[in-house]
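To start, the structure itself, in C-alpha cells.
The values are calculated or read from the model by the stated rules, or taken from the named source; none is laboratory data. None of these values were measured; they are calculated from a predicted model. Methodologically, a virtual Cβ is constructed for each residue, glycine included, from the backbone with ideal geometry; neighbour enumeration extends over all protein chains shown.
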Amino acid sequence: MAAVESTRSRFFNKVAILIVLILTVIYLIPLYWIGSTAFKPRAAATTVPPTVFYKPEVTPFVKLFTKRVQLRKAVSEDKYEQAKWYEKLVYDAGERIITRSPFLNRFWNSIIIACVSTFLALTLGTFTAYGFSRFKVKGENDWLFFILSTRMLPPVVVAIPIFLMFRRIGLVDTHLGLILLYTALNLSFCVWLMKGFIDEIPIEYEEAALVDGYTRFEAFWKIVLPQSATGIAATAVFSFITAWNEYAFALMMTNRKAQTAPPFIPSQLGSGMIDWTTIAAGTFIFLFPVAIFTFLLRKHLLRGVTFGAIRK
Amino acid sequence: MTATAATVRRGLSDLAIRNMFVIPTIVFLILINIFPLFYSLILSFADYSAVSAKPPDWIGIQNYRELLRDPHVWESLYITLKYVIISVSGQLVVGFGVALLLNRSIPGKGTITTLLLLPMMMSMAIVGLFWKLLYSPSWGIINYLLGLQNFVWISNADVALLAIAITDIWMWSPFVMLLSLAGLSAIPKHLYEAAAIDRASRWFTFRRITLPLVTPLLLIAVIFRTMEAFKTFDLAFIMTGGGPGTATELIAIKLYNMAFPQWQTGKSCALAYILLIMIIGISNIYIKYLNKAKER
C-alpha cells in the first residue's frame, strides 16, 4: 500500500514539475516577445502569423536614438559608401538621419533622477533606521506607522497640491522637483528596510566599541555601516528600481526638460516616424537593467516587497 | 577638567544623535507629503481652478455634496471595485496555485522563481505599453496563440477592463506567489508526516494544515494587492486612458482627468480626499497585519 502511495506521489510530483515548466514558458512569452520585437525588421513586427524566425538587426535601436526623414530618392553610391554603419542601416530602411532624438536625453534624466533620489533617501533612511533601531523613541510604532503610511498615498492624490506648490516655487519640470518627490517616495521604504537589516546586527559590537572609547557616531560609522553593507546595497537597488519605474509623478510634474523615460516612451507611439520595433527597442533598453537587478536582488525580494517585515 | 567631566563620553550624547538621525526624515516627509495634503484639504472647500486668474471662491462642503451625488463618480467607483475583485482574485488563484506547484524540489528552482518574479519588478507604464502590442487585434501574439481572429481587446468596452486586469494579474501574481512560497516553506515537515501516518487525504491535509498556516501571509498579499489595485493609475492610463467611453475609467483616472485636463482643482481636491480616506482605511488594516506577521 505504502509503495503504491509513493509511486503515485512521485508521479504527481513529476506532473507538477512539468506544469511548472510549461507555465514558466507561457509566463515569459510577453517578455520574450518584446525583446524579440526590438530586433525585428519593421515589416516583420506586424505580420500575420507572427514572425518567430528572422534575421535580427539593430535598426530599431538606431531609429530610437535618431530623428529621421523619409528619403525622396535613393542615396548616391558614393554617399552610401562614406556613411557610417548606423547611417547605412537607416538608408536601407529608406530614411535619412537629421539629428539625435530626445530619447537619450530622457534616458539620462531617468538615470540622474533615480541615482540622486536613491542616494538621498538611502542616506536619510539609514540614519533614521539606526535611530529607531538603537534608541528609545517615544511612540516609536506610531512614528514608523506614519512613515510607512506616506508610502501608501496614491500619487494622483498628492500630485494636485504638489503641482500647485511646485508651480509657485518654480519646480515644475525640473530635475530637483522629481528628485524631491522620489526621495520622499523611497524614504519610508529605506527606513523600514534598513531598520530590519540594522536590527539583525548584534548590539554587543557597538557596546564593545563604545567601551573602547568610540563616540556613538564613530560606532555607527565604523561598525554598523560596514556590517549592514549588504542591506544597504539591496535597499539601494530597490529604491533605484522604484524611482526608475515611476510614471504618475513624472507624467504630471514634467513635460520636456526633466521628463524621464516612462512617460516619454509611450508618448512616442503614433508620432510620425516611430513604429512598434522602435518602441520595443526603447522598452528593451529600459527593462534590461531592471531584469539584471532582479537577479542580483533575488535573495532579498521577499524582504523588499514587504518593507522588511518578512525575512524568511 | 574635573574628574566627572573626564568620565563623560566623547562626542554627542545619544539623545542628540537620535534627534539628529530621526528628525530630518520626519520633517522631510511632513513637508513633502503632509503639508500638501493640508493645502488640498483647504482647497477642497473652494470653487477654484488652478489655470484661471479667479481667486478661490469658498463654498463650504458643496464640492463634496456634488461629488457624492454625481452618478459618474459612483460609476467610477463601481468600475474600480469590479477591477479590484477581478484582478486580486486572479492574482490569488494564479499566485497561490503556482506556489503550490513550486513548493517541491525542482531542478533550477531558484532560477525559475526569479524568472517568474521579473514582471512585478518592471514599470507598470512600460508593461502596459507592451501589452498593448500583445493585444493588437490583427497581428497581436495573444489573439494568434488563443486562435481568436481579430478579436478586439483594448478598444472594446466589454472586455477592456478585463484586458487591463489580465495584464495586472500577469504582473502581480508573482507577488502573491512569493509570499505564498515563504509561507509554505515555513510549514514544519513533521505536520505532513503526522498526517501521512494518519492516512489523511490530500485534500484534508491541504485544508487543515497547509491553508491555515499560509493564511496570514496570503492575507498580507491580498490586502496589499487590494490597496494597489484600488489605486491603479499607470497601467489603465497607458492601456486605455479610461476608454472606450468611460468603460475603464478607474477612480484614479477620473481624479486625474478632473484635476489636470479639466483643471477643476477645488473639486478634484475633494475627490482626492474621499479617496484618501478609503486608502487610509485599507492601509491601516495592511500595516496592522504586517506588524502581526513581524511579531511571529
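Scanning region B:98-135 for residues that are touching a Leu at 6+ places or on another chain (Cβ under 9 Å), outside any helix (DSSP H, G or I) and within 8 Å of another protein chain (Cβ to nearest Cβ) yields B:I106, B:M122, B:S123. Among the residues of region B:114-140, those identified as buried (at least 21 other Cβ atoms within 10 Å of the Cβ) and among the β-branched types (V, I, T) are B:I126, B:V127. Is it fair to say A:F189 is buried (at least 17 other Cβ atoms within 10 Å of the Cβ), away from chain B (no Cβ under 11 Å) and over 30 Å from B:L271 (Cα atoms)? Here the answer is no, as A:F189 does not meet what is asked.
The single condition among (1) more than 10 Å from chain A (Cβ to nearest Cβ); (2) in contact with a Cys (Cβ under 9 Å, 6 or more places away or on another chain) that B:Q262 does not satisfy is (2).
In region B:141-153, of all residues being more than 7 Å from every other protein chain (Cβ to nearest Cβ) and assigned to a helix (DSSP H, G or I), the one that is surrounded by the fewest Cβ atoms within 10 Å (Cβ to Cβ) corresponds to B:L146.
Within region A:167-186, being within 25 Å of the chain's Cα centre (by Cα) and either facing another protein chain (nearest Cβ under 7 Å) or not in a loop (DSSP other than H, G, I, E, B) (or both) holds for A:H175, A:L176, A:G177, A:L178, A:I179, A:L180, A:L181, A:Y182, A:T183, A:A184, A:L185, A:N186. Please determine, by comparing only the residues of region B:23-64 that are assigned to a loop (DSSP other than H, G, I, E, B) and buried (at least 16 other Cβ atoms within 10 Å of the Cβ), which one is farthest from the other protein chains (Cβ to nearest Cβ). Across region B:23-64, the extreme among qualifying residues is B:F45. Among the residues of region B:225-272, write down those that are assigned to a loop (DSSP other than H, G, I, E, B) and hydroxyl-bearing (S, T, Y). Correct list: B:T232, B:T240, B:T246, B:T248. Scanning region A:52-97 for residues that are farther than 25 Å from B:W139 by Cα, free of Cβ contacts under 8 Å to residues at least 12 places away in the same chain and hydrophobic (A, V, I, L, M, F, W, C) turns up A:A74, A:A83, A:W85. The helices (runs of 4 or more DSSP H) falling completely within region A:200-296 that include 1 or more residues that are β-branched (V, I, T) and in contact (Cβ under 8 Å) with a residue 12 or more places away in the chain map to A:229-245, A:261-267.
You will find that of B:K288, B:K254, the residue that is of a type in the set (K, R), under 30 Å from B:F38 (Cβ atoms) and buried (at least 20 other Cβ atoms within 10 Å of the Cβ) is B:K254 and no other.
Restricting region A:98-118 to residues that are under 30 Å from the mean Cα position of the chain (by Cα) and free of Cβ contacts under 8 Å to residues at least 60 places away in the same chain, which is farthest from A:S188 (Cα to Cα)? So the residue we want is A:T99. From the residues in region B:263-285 that are of a type outside the set (A, V, I, L, M) and modelled with pLDDT under 90, which one is surrounded by the fewest Cβ atoms within 10 Å (Cβ to Cβ)? Looking at the filtered set, the residue picked out is B:G281. For A:K67, the stated conditions do not hold, so it cannot be described as within 27 Å of A:S36 (Cβ to Cβ), in a helix (DSSP H, G or I) and basic (K, R).
One residue is enough: does region B:202-215 have a residue meeting the conditions within 14 Å of B:F96 (Cβ to Cβ), in the same structural domain as B:Y273 (by TED's automatic domain parsing), surrounded by 15 or more Cβ atoms within 10 Å (Cβ to Cβ) and of a type in the set (A, V, I, L, M)? Yes. For B:P137, state whether it is touching a residue at least 40 places away in the same chain (Cβ under 8 Å) and not aromatic (F, W, Y). Criteria not met by B:P137. Among the conditions (1) out of contact with any helix residue (DSSP H, G or I) (no Cβ under 9 Å at 6 or more places or on another chain); (2) under 22 Å from B:A16 (Cβ atoms), A:E207 misses just one, which is (1).
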